[in-house]
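Since the structure comes first, as structure tokens, the remarks are kept for the end.
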Amino acid sequence: MRKALHVVGLFAATALTLGFLVLPLAALFTRQSPVELVHQLSNPVVTDALKLSVVTSAIAQALILLLGTPTAYLVATRRFPGRSLVVTLVELPLVLPPAVAGIGLLVAFGRVGLLGSTFDALGISVAFNRTAVVLAVAFVASPLYLRAAIAAFEALDPNLVAASRTLGAGPVRTFFRVALPLTSAGLAAGAALSLARGLGEFGATIMFAGSLQGVTQTLPLAIYAEFDRDFDVAVTISALFVVITAAILLSLKLSALWRTSQRTSRSLFARLSWS
Amino acid sequence: MADLAADFTLPLRSFELELGLRVDRTVALVGPSGAGKSSVLRALAGLARPSRGRIALGDDVWFDAERRLFRQPDERSVGLVFQEYALFPHLSVRRNVAYGGRARVDEYLERFHIGHLAESSPTELSGGERQRVALARALAREPGLLLLDEPLSSLDAHTRTTVRAELQELLREFALPTILVTHDFDDAAALADEVGVIVQGTLRQLAPPQELVARPADAFVASFTGANLLRGVARRTADALTEVRLETGEAVFSADPGEGAVGVVVYPWEVTLGREPHTDSALNSIVGDVRSVVTVGTRVRVQVGPITAEVTASSAERLEVERGGRVVASFKATGTRLVPLG
């Protein structure tokens, strides 16, 4: 009797948890018919925001990969004074409230900020334009990639790097032929997380870049703007968001699955007879 | 073939590694784990930077502290075989071998009998196969110096014997200056022309293996080569023999001169077993209980009190040696060496 009660309790808790998590997501798709949903996608507010989000995220992600990967490699493979401080600094933006990030970006890069006049002299304007969006996205998203990349490079067997060097490969060739291929799974996971985080970035962007349709209004900002104006459009963008994020998460899981099957398939085929 | 001349100091975590070596054939460095053996290889390969000294292969200077010269690993003509082989798991056997030298890959795959494994992943190979791939990869670069870090330690006992013989043949064939590191004196003696004993970063003795056995420089070298070591205090006697009063209270005699605290070195194969003690001072006797009996092929290793004897199976049978029984272990005064305790 007590055992039955135990099992029922367990199932009830699970059903409640899953229901709570799934219901809001499902509701986004049930409010309007699929036809209406697809039709709403051609709304200029939606298309402008989608285009802007894709472009700014792509640029921010490219910058994160290009600059973050060598940074993570250096931090992970060298021992230098202040290393743990660097690692902590990298993680700090992760736990900061986005509003703090927005203010920080303003006082650093804004017109009246620390580097404002320098940027002015260089002809770079970060006042409420795409550059500002890219900076905000990169600021909040890059720590996720950096952290994953540092962990991936730290897990790399240093003897493999050493072996490559003694076999005549310089540091650059070693990086591209040994370090990068062996950490690609970890780097991809970090990149996917940072991409998802960057796409959803809201607080820092609205404070630092504003919310101008077609200029700085990314998908999350458009949801917020349409929330007051046309609730159905807000719901549509939200549904679109669920699809995009789910796709990112799913491709990450699938690529991990594909990798493990790649690694083990040969021995698996050797063990099992399929004929 | 250019010789390796190395003389350097490398600071390690708890002590300094200090080494002077000239290598034209195969040198084995032996010593307990943590003695700094692998660090020697790292310094020679350019993976660690010494604080002092010079490393050169022939006229090619790899490191010179005074000239602030330090050549990177990829600029040294060196082949290093790592202890766990460090094969690239994401590359096939062929691409592993081709990594260092693309020119004669097929030749090396054939030479090391791994041609049939060319397209396999290193993760699918046995220990012996992995070692052959690692050797092929290191040698395909045609290095001027070969470094082997514990080449036999990650193999099981059965594979070990086969691989040791293969390695012996290989070292003879390639005739490169080679340094191998091992914690096993028998492996070192089998593979190398000269054996260096390293303890706490210092080279205690460097000599051909038979010389290390015949004239160990100190107690550590002696025990490392497999000798019995009996601690005691030496005193000169009238008849040109040295009397050593052991810690256990017994007295043994040696033909070697000595004074004060010494170690008496005697090899197991110099010890015979019997039932009755001798009275001749030229023949030492130690009476004791048999603590263990281990048969290795046709030989039997018998531990009697503080000493191990290696006798033939037939003589062990004749004496009815068994655990717990009482026997007399005898060895000649001329069969012993006295070494300083260190």
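Of the residues B:PRO208, B:PRO216, which is of a type outside the set (Val, Ile, Thr) and in contact (Cβ under 8 Å) with a residue 24 or more places away in the chain?
Values: B:PRO208 fails: in contact (Cβ under 8 Å) with a residue 24 or more places away in the chain.
Just a single option satisfies the conditions, and that option is B:PRO216.
Can you name every residue in region B:1-30 that is free of Cβ contacts under 8 Å to residues at least 60 places away in the same chain and charged (D, E, K, R)?
Correct list: B:ASP7, B:ARG13, B:ARG22.
Restricted to region B:22-70, and to residues that are under 19 Å from B:PHE174 (Cα atoms) and surrounded by fewer than 17 Cβ atoms within 10 Å (Cβ to Cβ), which residue is nearest to the other protein chains (Cβ to nearest Cβ)?
This residue is B:GLY58.
I need the full set of residues from region A:61-82 which are closer than 17 Å to A:PRO158 by Cβ and not in a helix (DSSP H, G or I), in order please. Give the derivation first.
Within region A:61-82, the subset closer than 17 Å to A:PRO158 by Cβ is A:72-80.
The answer is A:ARG78, A:ARG79, A:PHE80.
Tell me, which residue of region B:71-87 that is part of a helix (DSSP H, G or I) and facing chain A (nearest Cβ under 7 Å) is surrounded by the most Cβ atoms within 10 Å (Cβ to Cβ)?
Of the residues in region B:71-87, the ones part of a helix (DSSP H, G or I) are B:73-75.
In the following step, the residues that additionally are facing chain A (nearest Cβ under 7 Å) were identified as B:73-74.
Numbers: B:PRO73: 26, B:ASP74: 18.
Restricting to residues being part of a helix (DSSP H, G or I) and facing chain A (nearest Cβ under 7 Å), the top hit is B:PRO73.
So, in region B:96-124, exactly how many residues are within 10 Å of another protein chain (Cβ to nearest Cβ), surrounded by 13 or more Cβ atoms within 10 Å (Cβ to Cβ) and assigned to a loop (DSSP other than H, G, I, E, B)?
Summing the residues that are within 10 Å of another protein chain (Cβ to nearest Cβ), surrounded by 13 or more Cβ atoms within 10 Å (Cβ to Cβ) and assigned to a loop (DSSP other than H, G, I, E, B) in region B:96-124 gives 5.
What number of residues within region B:307-342 satisfy the criterion of being surrounded by fewer than 17 Cβ atoms within 10 Å (Cβ to Cβ), part of a loop (DSSP other than H, G, I, E, B) and within 26 Å of the chain's Cα centre (by Cα)?
Total satisfying the criteria: 2.
Would you call A:GLY168 more than 14 Å from chain B (Cβ to nearest Cβ) and not charged (D, E, K, R)? I'd like the intermediate steps shown before the answer.
On the way: more than 14 Å from chain B (Cβ to nearest Cβ): no; not charged (D, E, K, R): yes.
Spelling it out, it is not the case that A:GLY168 is more than 14 Å from chain B (Cβ to nearest Cβ) and not charged (D, E, K, R).
Given the residues B:LEU91, B:LEU19, which is the only one that is surrounded by 14 or more Cβ atoms within 10 Å (Cβ to Cβ), of a type outside the set (Gly, Ala, Ser) and within 14 Å of another protein chain (Cβ to nearest Cβ)? Talk me through it step by step, then tell me what you get.
On the way: B:LEU19 fails: within 14 Å of another protein chain (Cβ to nearest Cβ).
One residue alone meets the criteria, B:LEU91.
Can you list residue pairs whose Cβ atoms sit under 7 Å apart, with the first residue in region B:304-324 being over 17 Å from B:GLY226 (Cα atoms) and the second being of a type in the set (Asp, Glu)? Count only pairs 6 or more apart in sequence or on different chains.
What qualifies is B:GLY324/B:ASP289.
Need pairs with beta-carbon distance below 8 Å; first residue in contact (Cβ under 8 Å) with a residue 24 or more places away in the chain and within region A:99-126, second among the polar types (S, T, N, Q); sequence gap 6+ or separate chains.
Qualifying pairs under 8 Å: A:GLY102/A:THR205.
Before we move on, is A:LEU160 more than 9 Å from every other protein chain (Cβ to nearest Cβ) and either part of a helix (DSSP H, G or I) or of a type in the set (A, V, I, L, M, F, W, C) (or both)?
Values: more than 9 Å from every other protein chain (Cβ to nearest Cβ): no; either part of a helix (DSSP H, G or I) or of a type in the set (A, V, I, L, M, F, W, C) (or both): yes.
Answer is no for this residue.
Tell me, please, whether a residue that is outside any loop (DSSP other than H, G, I, E, B) and within 13 Å of chain A (Cβ to nearest Cβ) can be found in region B:152-172. Steps first, please.
So in region B:152-172, the residues outside any loop (DSSP other than H, G, I, E, B) come out as B:157-172.
Next, only the ones that are within 13 Å of chain A (Cβ to nearest Cβ) stay: none.
Among the residues of region B:152-172, not one is outside any loop (DSSP other than H, G, I, E, B) and within 13 Å of chain A (Cβ to nearest Cβ), which makes the answer no.
Might you let me know whether region A:29-50 holds any residue that is small (Gly, Ala, Ser), touching a residue at least 40 places away in the same chain (Cβ under 8 Å), in a helix (DSSP H, G or I) and over 28 Å from A:THR183 (Cβ atoms)?
So the first thing to find is which residues in region A:29-50 are small (Gly, Ala, Ser), and the list is A:33, A:42, A:49.
Now narrow it down to the ones that are touching a residue at least 40 places away in the same chain (Cβ under 8 Å): A:49.
Now drop any that are not in a helix (DSSP H, G or I), which leaves A:49.
Filter again for over 28 Å from A:THR183 (Cβ atoms), leaving A:49.
For region A:29-50, residues small (Gly, Ala, Ser), touching a residue at least 40 places away in the same chain (Cβ under 8 Å), in a helix (DSSP H, G or I) and over 28 Å from A:THR183 (Cβ atoms): present.
Considering (1) away from chain B (no Cβ under 14 Å); (2) at pLDDT below 90; (3) touching a Pro at 6+ places or on another chain (Cβ under 9 Å), say which one A:SER255 fails and leave the rest.
The single condition A:SER255 does not satisfy is (3).
Here's the yes/no breakdown for (1) surrounded by 14 or more Cβ atoms within 10 Å (Cβ to Cβ); (2) among the aliphatic types (A, V, I, L, M); (3) under 20 Å from A:PHE241 (Cβ atoms):
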{"residue": "A:LEU37", "(1), (2), (3)": "yes, yes, yes"}
{"residue": "A:ASN43", "(1), (2), (3)": "yes, no, yes"}
{"residue": "A:VAL55", "(1), (2), (3)": "yes, yes, yes"}
{"residue": "A:ALA62", "(1), (2), (3)": "no, yes, no"}
{"residue": "A:ALA72", "(1), (2), (3)": "yes, yes, no"}
{"residue": "A:ARG79", "(1), (2), (3)": "no, no, no"}
{"residue": "A:ARG83", "(1), (2), (3)": "no, no, no"}
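Here is a yes/no grid of residues against (1) part of a helix (DSSP H, G or I); (2) within 23 Å of A:ALA136 (Cβ to Cβ); (3) without any contact (Cβ under 8 Å) to a residue 24 or more places away in the chain:
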position: A:VAL235; (1), (2), (3): yes, no, no
position: A:VAL242; (1), (2), (3): yes, yes, no
position: A:ALA246; (1), (2), (3): yes, no, yes
position: A:SER251; (1), (2), (3): yes, no, no
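The values are calculated or read from the model by the stated rules, or taken from the named source; none is laboratory data. Only a predicted model underlies this, so the values are computations on that prediction, with no experimental measurement involved. Methodologically, a virtual Cβ is constructed for each residue, glycine included, from the backbone with ideal geometry; neighbour enumeration extends over all protein chains shown.
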